[in-house]
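Notes follow the structure.
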Amino acid sequence: MRRIPNTQYISKITGEPTGVWCVQLTVNEVMKMSIEELYGMAMGPRTEEFESTKSKKAYRHFVEYMCDSLEIKHTVSLSIQHLLDKINNKSSPIKQSSIKNDYIMPPRKCIIELIEHNIERGHSSHEENKIIGMELINAGYSNRDIHFIFESIYNEPGGDWGWYTDHPDKAGHIIDNMKEKALNRYSKDKLIQMNICRDNCPC
Ligand SMILES: [Zn+2]
């Protein structure tokens, strides 16, 4: 949510807008303008829109990471689409195998797609992060893995937003809380309601 251009920053303490806006800036502007001038730009929404560069590299890393965890061989010459097909073929049959005894549920196809989508566009809403976090915790992912996935989405230091920290081994405080409470992942009904899963999804 925090990276949607032309939205107001909300104070974490009061819950009210701070008067500063999230605006897009070009590299040139950042290099040339003073902090005061940059703040001046952020006092209201900006009318021009700039195409931002999505991190193809972060996306590729995530797909390769999924391949590794599903034991799919990958080389640089294989296209992302090819690897995604393999991941999708491989990740759905897993749910059939009964590993219920361990209370570990592999991430569902629609959630993997949500993660891929958010990595590609470079942001994810608070609610989506909750869904992703819960899914990964229930799939038995380590803090390191959860950190990696959220970092792949944002491609910047974790700060104090609660999803990941500046230490690669630590997830953020929201994730820690979820783990402590041992919350269940979102139900399929809820995911359908939220337009994340569809009736024809194999999950
Ligand atoms: Zn689904």
Task: Residue within segment 137-144 that is buried (at least 18 other Cβ atoms within 10 Å of the Cβ), modelled with pLDDT of 90 or more and more than 20 Å from P106 (Cβ to Cβ) present - done: no
- [ ] Kindly provide the set of residues from segment 168-203 that are under 16 Å from A139 (Cβ atoms) and basic (K, R), ordered by number.
- [x] K179, R185, K188
- [ ] Test G172 against the stated conditions and say whether it is assigned by TED's automatic domain parsing to the domain that holds V63, away from the ligand (no atom under 16 Å from the Cβ), more than 18 Å from Y59 (Cα to Cα) and among the small types (G, A, S).
- [x] yes
Task: Which listed residue is outside the structural domain of W161 (by TED's automatic domain parsing) and either touching a residue at least 12 places away in the same chain (Cβ under 8 Å) or touching a Ser or Thr at 6+ places or on another chain (Cβ under 6 Å) (or both), from I4, I72 - done: I4
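So, in segment 178-203, exactly how many residues are in contact (Cβ under 8 Å) with a residue 12 or more places away in the chain, more than 16 Å from the ligand (Cβ to nearest atom) and not hydrophobic (A, V, I, L, M, F, W, C)? Working first, answer last.
Here is the first cut: in segment 178-203, the ones in contact (Cβ under 8 Å) with a residue 12 or more places away in the chain are 178-179, 183-186, 188, 191, 194, 196-198, 201-203.
Next, from what is left, pick out any that are more than 16 Å from the ligand (Cβ to nearest atom): 178-179, 183.
Next cut, not hydrophobic (A, V, I, L, M, F, W, C) only: 179.
Here the count works out to 1.
When only residues in segment 101-111 that are within 14 Å of the ligand (Cβ to nearest atom) and charged (D, E, K, R) count, which is farthest from I174 (Cα to Cα)? Let's see the steps before the verdict.
As a first pass, look at segment 101-111 and keep what is within 14 Å of the ligand (Cβ to nearest atom): 105-111.
Pick out the ones that are also charged (D, E, K, R) and you get 108-109.
Values: R108: 21, K109: 24 Å.
Looking at residues that are within 14 Å of the ligand (Cβ to nearest atom) and charged (D, E, K, R), I get K109.
Residue-wise test of (1) on the phi > 0 side of the Ramachandran plot; (2) in contact with a strand residue (DSSP E or B) (Cβ under 6 Å, 6 or more places away or on another chain).
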| site | (1), (2) |
| --- | --- |
| N138 | no, no |
| E151 | no, yes |
| G159 | yes, no |
| D166 | no, no |
| D169 | no, no |
| I174 | no, no |
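Tell me, yes or no, whether segment 112-120 has at least one residue that is in contact (Cβ under 8 Å) with a residue 40 or more places away in the chain, out of contact with any Pro (no Cβ under 7 Å at 6 or more places or on another chain) and within 11 Å of the ligand (Cβ to nearest atom). Working first, answer last.
Within segment 112-120, the subset in contact (Cβ under 8 Å) with a residue 40 or more places away in the chain is 112, 114-116, 119-120.
Next, only the ones that are out of contact with any Pro (no Cβ under 7 Å at 6 or more places or on another chain) stay: 112, 114-116, 119-120.
The next check asks that each one be within 11 Å of the ligand (Cβ to nearest atom); those that pass are 112, 114.
Yes, segment 112-120 has at least one match.
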Open item on the list: away from the ligand (no atom under 16 Å from the Cβ), modelled with pLDDT of 85 or more and more than 15 Å from the chain's Cα centre (by Cα): is that true of L83 in this structure?
Closed with: yes
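The values are calculated or read from the model by the stated rules, or taken from the named source; none is laboratory data. Predicted, not measured: the structure shown is a model, and the values here were computed from it. Using ideal geometry, Cβ is built from the backbone for each residue, glycine included, and neighbour counts are taken over all protein chains shown.
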